[in-house]
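*Asks:* Take a look at this one; I'll ask things after.
The values are calculated or read from the model by the stated rules, or taken from the named source; none is laboratory data. Owing to the predicted nature of the structure, the values given are computational and were not obtained by experimental measurement. Heads up, the Cβs are rebuilt from the backbone with ideal geometry, glycines too, and the neighbour counts pull from every protein chain shown. Ligands, DNA and RNA are stripped out before the accessible areas are found, and what is left, the full protein with its side chains, is counted by its heavy atoms. Shrake-Rupley method; radii C 1.70, N 1.55, O 1.52, S 1.80 Å.
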Amino acid sequence: MIFRFLSSIKLTVVCLLWLTVLVIWGTIYQVDHGIYKAQDFFFNPLFLFKFTPLPGGMLVLGLLFLNLLTSFFVHYQAGWRMPGLMLTHIGLIMLLLGGFFTRISGIEARVRLLEGQGTNMAFSLTEWEIYQVTELTQYREVEAAYVHEIGKRDRIAFEDSGIQLTVRELQKNATGLPAQDQRVPGLVSPSGFAALQPLKKDKEPFKNIPGVRLQVDGAKEVQELLLWGGDALPAKVEQEDGTMVYIGLRRRRYEIPFMRLLEFEHTYYPGSRVPKDFRSRVELELGEDRQRSVDIYMNHPLRLNGWTFFQHSFNAEQETEMSEFAATRNFGRLIPYWATGITSLGLAMHFLQVQWMQLQRMKKKEASA
Amino acid sequence: MKPALSVLILILGFVGCSRGPDSETAIDSSPETPPPASALKSVAELPVLHGGGRVMPLDTFSRLVLLQISGRRSYGEESALEWMMQVLMYPDRGLDDVIFLVEHPDVLSDMNVPITQEVEGKAKPSTRRFSYNHLRPGLGELQLLAGRARNIPEDQRGLVEKEAVRLFENIMLYDQFRQTFAFTQSVPGIEIKTPEVREALELTDESGPIRFLHLREHTPQLIHLVEDATDSESLTEAQTEAFAVARLVRQAESHWAELPLPLLPEAPHGTDHFLAPYDALTKTMQDQDLVNAGRRSLELFEAWRAGNWQEVETLAGDITAFTRARMDHLRETALTGFEARFNRANYFGRAKVFYLFAFFLALGSVVSGSDLWRKMAWVPLAFGLLLHVVGLGWRIYLTARPPVTNLYGTFLFVSLVCVLLAILVEVLVKNGLGLFVGSLIAVMFIFLAERYIATGDTMGKVVAVLASNFWLSTHVLAVTTGYAGVWIAGVFGHIWLIFKLLGKDKDTLKLVQLIMEGLLGFGLTFAFLGTMLGGVWADQSWGRFWGWDPKENGALLIVLWTAAVYHARVGGLIKEKGMAMGAVAGCITVMVAWLGVNLLSVGLHSYGFTDTMLNLFVGYIAVELAFMAVMGVLLYLKESVFLSGSKDPLVSEPPKPAL
């Protein structure tokens, strides 16, 4: 019964039409609320706006996936007679799988470098982490807990110290309120804040700066930490054994191959501000005494160790030019490529076959008439 | 009158002479003879740097300027180039030309200018275009209005404010073009009296009227005269006069610097900066080649005014050669001659005329069933197609890019694909319908392309991310081919519904249905391929395959809708009529994806949408929905049980099948 329902062509039509509605609605919604909110409310969740009973994009695409899969068993026993249709549906199954795989495993981050500067870290635009280091040196061990995975009253314990943190307040977008007259006893804030003031979430998620108030156990004097995403430095906390640890809130970091920006160049079309080309020359450290220089520019990304680096933007208004790269890692990257080829081939084969059969039928009819 | 005072009075008079029509000027004294085509051709090819970053022939440049000011590509019988040459060479002759497009009449009310204008003795209340002289009394008010509007963020300005800014900028632009060669003229009424200043300026009794450029070139000598002056009280008469002349030069210079005709490259293979003739002569005196080229432009001006056309051609050729030599790293500089020829050839306009002929012949064939008309329709269609292909070929050659880089290009490309598909249909079924549909769509889309031209340069430079990528090229070509397939299938959907209403026989309807389904399948295949190739391009360019961008969604919409219609048909949820209705609605989804998403002004693909296009888009959707509703009702009535068995009231006599 369920099998028949899942494989029915009526379900296909309903899903396609509902997806059409979602696409139109979600596109119009973007005008006032931005693309990220539209993704969050229409295309990524199971239900619209995450709570209504109306199916969201993820649920519809999931149903379509099951519909495609089950219809194989019900409708295509004689599939070899319609190879185009088979290929089309195989391609679409791959496409949906690829999309799902990318969604759960893909990483999108940024690398921002001034000329001469190097790094082995990319940062997330949307995810944040509470981190702890035991020393403030250039190369150090870092422990982190991801903000999107924690909730109020959750406990965070770092292995390298005896400090335990309990979340007392978590704001997705906030600013800090400075202490009015004097320090709040037992509260440490790197920016000198006494409390967090929640702000309305911005439609561009990377503009949201979170804040967190943490109860601290296992430290001398410090009872509470107030960390804010805009803090320039981490909070300094003395443990009960007298050793120091540093705890802060920052954009989530990903380790990438070490790269140094040697030079950034940008050109405009003559007499205009229309960008013609912008490119970065970076030096890569590939191991002991193994270095290589490469150019990253528009439409010519660098692929290295599973990461892809794209020339994203720049700031040439300061004395030292800054270049920004989009860094992505997606092991299922090529699945949609294959899916596109297979589906398109299948569609072409199918429609040619159908048209050919129709024409032959008409010719036969004419001949018999 | 004291010599210093007379010069000072001239300062305002001289600078103002080129600004207003009521000042007595020396600039318009020469007789004009109409330029021959060869002279026009030679100046048409002059390379000029456009603000969009492209070196283009003066011919294209003039079209863009006139389009910006007037919304038209010619002024009456005059081509844009002829109009521009008149503005440059005889700045005071076109002041009564009705060229300034005013899209919002409230601006005129705010300027205290009548909203009707007399042209050749007749008031033209409905005109939207006005002359410089008509608007001139309100320029002060307009400047205030525009100044206030500029203080408001652009996206918060109202229609009147936007129009005030636009009109003021256009009038200023026009005014600046008029002054391009004003510096070459004699300073009206100037008289240098003191012998020292006359000597410094190398003036003799035989010297004719004093030209501004002469004063400009002798400024160092004037400065030398006043070097030892300590305070204004102790100035000699000569020093006072020298100061006044120097001040005149300085004031006029600030007026003439960086005028908007960037004709001469400042440095060879260097900064890609172009200078107007005045700047070329005065900015970098040590670059003798540049100064000589500046002088050439000056001589061109004089030769034009003297009607010495042979010399005009020589000088224009010299300037073109100079620019090409300096800018040999910019491909388009060498192609200005080709582009000017391309403009003159007007391939698409002529193709449209041929398509129109083909349309009427094919219509006649479909209505009458005449095979002769059908065969005759092939001839203009073939000519139209030839011109269409050649025109697109020229565009590809000139831009060194695939034919689809902006909306204008998509109209031309989609119409070409539609014509080719229609020809394929005609070859297969030979009933005139293919010719009819192909020519109809070509005329419509070329008409739309012509409307789009008003938005600016149709061969403009594209930003870095769109500049060069195999996947981008294949994406746009595939997706627009998909648009063409779904669109033309929709047109056959219209035909099916009309034929059904007219009571055409079953075989005819079956044939149209077969064509429609085949084209819809073609459209679905390419729309899907194009949409996914867009994802591949996005993944190659910035690392994400799909982002639910409005244009991606638009393309996806076509795929989803067409797939839904197909599945509904296969599943028996709809029949032939539903399929035809679905194909017609497919036309709407194409228009939404193609034009509609640009209305949203979000995302990466929101290029060029004008108010005219908006009106056309909304109007189209309304007409299409009305068509579907009316056809639905009429077909329902026709098929309803109340009419079954009786004679069809909608068609008194079923027409003779033409197919």
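*Asks:* Looking at segment B:556-571, which of its residues are facing chain A (nearest Cβ under 7 Å) and open to solvent by 30 Å² or more (accessible area, probe 1.4 Å)?
*Replies:* Those that are facing chain A (nearest Cβ under 7 Å) and open to solvent by 30 Å² or more (accessible area, probe 1.4 Å): B:561, B:567, B:570, B:571.
*Asks:* Among (1) open to solvent by 60 Å² or more (accessible area, probe 1.4 Å); (2) outside any helix (DSSP H, G or I), which single condition is residue A:345 missing?
*Replies:* Every condition holds for residue A:345 apart from (2).
*Asks:* What residue, among those in segment B:504-524 that are more than 9 Å from chain A (Cβ to nearest Cβ), not hydrophobic (A, V, I, L, M, F, W, C) and not in a loop (DSSP other than H, G, I, E, B), is nearest to residue A:327 (Cα to Cα)?
*Replies:* Among those that are more than 9 Å from chain A (Cβ to nearest Cβ), not hydrophobic (A, V, I, L, M, F, W, C) and not in a loop (DSSP other than H, G, I, E, B), it is B:523.
*Asks:* Right, another one. When you scan segment B:400-414, do you find a residue that is within 14 Å of chain A (Cβ to nearest Cβ), surrounded by fewer than 17 Cβ atoms within 10 Å (Cβ to Cβ) and touching a residue at least 12 places away in the same chain (Cβ under 8 Å), even just one?
*Replies:* Looking for residues that are within 14 Å of chain A (Cβ to nearest Cβ), surrounded by fewer than 17 Cβ atoms within 10 Å (Cβ to Cβ) and touching a residue at least 12 places away in the same chain (Cβ under 8 Å), one finds at least one in segment B:400-414, hence yes.
*Asks:* Among the listed residues B:104, B:134, identify the single one that is more than 30 Å from residue B:299 (Cβ to Cβ) and in contact (Cβ under 8 Å) with a residue 40 or more places away in the chain.
*Replies:* Of the residues listed, the single one that is more than 30 Å from residue B:299 (Cβ to Cβ) and in contact (Cβ under 8 Å) with a residue 40 or more places away in the chain is B:104.
*Asks:* For segment A:342-365, which positions are more than 9 Å from chain B (Cβ to nearest Cβ) and either under 29 Å from the mean Cα position of the chain (by Cα) or basic (Lys, Arg) (or both)?
*Replies:* A:342, A:361, A:363, A:364
*Asks:* Spot the failing condition for residue B:361; the list is (1) in contact with a Lys or Arg (Cβ under 7 Å, 6 or more places away or on another chain); (2) crowded, with 22+ Cβ neighbours inside 10 Å, and only one is missed.
*Replies:* (1)
Residues checked against (1) closer than 22 Å to residue A:107 by Cα; (2) touching a Phe, Trp or Tyr at 6+ places or on another chain (Cβ under 9 Å):
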residue	(1), (2)
A:240	no, no
A:247	no, yes
A:250	yes, yes
A:254	yes, yes
A:265	no, yes
A:272	no, no
A:277	no, yes
A:284	yes, yes
A:287	no, no
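Per-residue answers, yes or no, for (1) touching a residue at least 12 places away in the same chain (Cβ under 8 Å); (2) closer than 20 Å to residue A:344 by Cβ:
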position: B:527; (1), (2): yes, yes
position: B:530; (1), (2): yes, yes
position: B:535; (1), (2): yes, yes
position: B:542; (1), (2): yes, no
position: B:554; (1), (2): yes, yes
position: B:559; (1), (2): yes, yes
position: B:563; (1), (2): yes, yes
position: B:573; (1), (2): no, no
position: B:592; (1), (2): yes, no
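*Asks:* Here's something else I'd like to know. Mind checking whether some residue in segment B:477-489 is open to solvent by 20 Å² or more (accessible area, probe 1.4 Å) and of a type in the set (Phe, Trp, Tyr)?
*Replies:* For segment B:477-489, residues open to solvent by 20 Å² or more (accessible area, probe 1.4 Å) and of a type in the set (Phe, Trp, Tyr): absent.
*Asks:* Look at segment A:294-306 and say how many of its residues are away from every other protein chain (no Cβ under 13 Å) and in a loop (DSSP other than H, G, I, E, B).
*Replies:* 1
*Asks:* Output the residues belonging to segment A:1-22 that are more than 7 Å from chain B (Cβ to nearest Cβ), of a type in the set (A, V, I, L, M) and open to solvent by 20 Å² or more (accessible area, probe 1.4 Å).
*Replies:* Once the filter is applied, which keeps residues that are more than 7 Å from chain B (Cβ to nearest Cβ), of a type in the set (A, V, I, L, M) and open to solvent by 20 Å² or more (accessible area, probe 1.4 Å), segment A:1-22 yields A:1, A:2, A:6, A:14, A:21.
*Asks:* Here's another thing I want to ask about it. Mind counting the residues in segment B:36-88 that are among the charged types (D, E, K, R) and open to solvent by less than 40 Å² (accessible area, probe 1.4 Å)?
*Replies:* 2
*Asks:* Spot the failing condition for residue A:332; the list is (1) facing chain B (nearest Cβ under 10 Å); (2) over 30 Å from residue A:259 (Cα atoms), and only one is missed.
*Replies:* Result: residue A:332 fails condition (2) only.
*Asks:* Considering only segment A:31-84, how many residues are within 14 Å of chain B (Cβ to nearest Cβ), farther than 30 Å from residue A:352 by Cα and part of a helix (DSSP H, G or I)?
*Replies:* Here the count works out to 15.
*Asks:* I'm told residue B:257 meets every condition in (1) in contact (Cβ under 8 Å) with a residue 12 or more places away in the chain; (2) surrounded by 14 or more Cβ atoms within 10 Å (Cβ to Cβ) except one. Can you identify the failing condition by its number?
*Replies:* (2)
*Asks:* Here is a list: B:484, B:527. Which entry is part of a helix (DSSP H, G or I), within 35 Å of the chain's Cα centre (by Cα), within 11 Å of another protein chain (Cβ to nearest Cβ) and closer than 17 Å to residue B:411 by Cα?
*Replies:* Sole residue among the options that is part of a helix (DSSP H, G or I), within 35 Å of the chain's Cα centre (by Cα), within 11 Å of another protein chain (Cβ to nearest Cβ) and closer than 17 Å to residue B:411 by Cα: B:527.
*Asks:* Moving on to the next point. Hey, can you tell me all the residues within segment B:165-210 that are of a type in the set (Phe, Trp, Tyr) and either part of a strand (DSSP E or B) or within 30 Å of residue B:145 (Cβ to Cβ) (or both)?
*Replies:* Answer for segment B:165-210, where residues must be of a type in the set (Phe, Trp, Tyr) and either part of a strand (DSSP E or B) or within 30 Å of residue B:145 (Cβ to Cβ) (or both): B:168, B:174, B:177.
*Asks:* Next up: Of all strands (runs of 3 or more DSSP E) completely enclosed by segment A:192-292, which ones contain at least 3 residues that are within 14 Å of chain B (Cβ to nearest Cβ), surrounded by 15 or more Cβ atoms within 10 Å (Cβ to Cβ) and not hydroxyl-bearing (Ser, Thr, Tyr)?
*Replies:* A:244-268, A:275-287
*Asks:* Let me ask something else. Restricting attention to segment B:211-240, which residues are more than 51 Å from the chain's Cα centre (by Cα) and in a loop (DSSP other than H, G, I, E, B)?
*Replies:* Correct list: B:227, B:228, B:229, B:230, B:231, B:235, B:236.
*Asks:* May I pose another question? Filter segment B:143-158 down to the residues that are touching a residue at least 12 places away in the same chain (Cβ under 8 Å) and either among the basic types (Lys, Arg) or open to solvent by less than 40 Å² (accessible area, probe 1.4 Å) (or both) and list them by number.
*Replies:* B:145, B:146, B:148, B:149, B:150
*Asks:* Considering only residues of segment A:307-329 that are modelled with pLDDT of 85 or more and either open to solvent by 50 Å² or more (accessible area, probe 1.4 Å) or part of a helix (DSSP H, G or I) (or both), which is nearest to the other protein chains (Cβ to nearest Cβ)?
*Replies:* Only one residue tops the list, namely A:312.
*Asks:* Here's another thing I want to ask about it. Give segment B:268-304 a look and list any residue that's open to solvent by 30 Å² or more (accessible area, probe 1.4 Å), farther than 25 Å from residue B:86 by Cα and either touching a residue at least 60 places away in the same chain (Cβ under 8 Å) or within 14 Å of chain A (Cβ to nearest Cβ) (or both), or say none.
*Replies:* Listed by number, the residues that qualify are B:268, B:269, B:270, B:271, B:273.
*Asks:* Please go through (1) of a type in the set (Val, Ile, Thr); (2) under 27 Å from residue A:327 (Cα atoms); (3) over 30 Å from the mean Cα position of the chain (by Cα) for residue B:562 and return the number of the only condition it doesn't satisfy.
*Replies:* Condition (2) is where residue B:562 drops out.
*Asks:* Take segment B:540-555 and flag every residue that is open to solvent by 10 Å² or more (accessible area, probe 1.4 Å), in a helix (DSSP H, G or I) and at the interface with chain A (Cβ under 7 Å from one of its Cβ atoms).
*Replies:* Within segment B:540-555, B:540, B:542 qualify.
*Asks:* For segment A:108-153, what are the residues that are more than 22 Å from residue A:260 (Cβ to Cβ), open to solvent by less than 30 Å² (accessible area, probe 1.4 Å) and of a type in the set (Gly, Ala, Ser)?
*Replies:* Scanning segment A:108-153 gives A:145, A:151.
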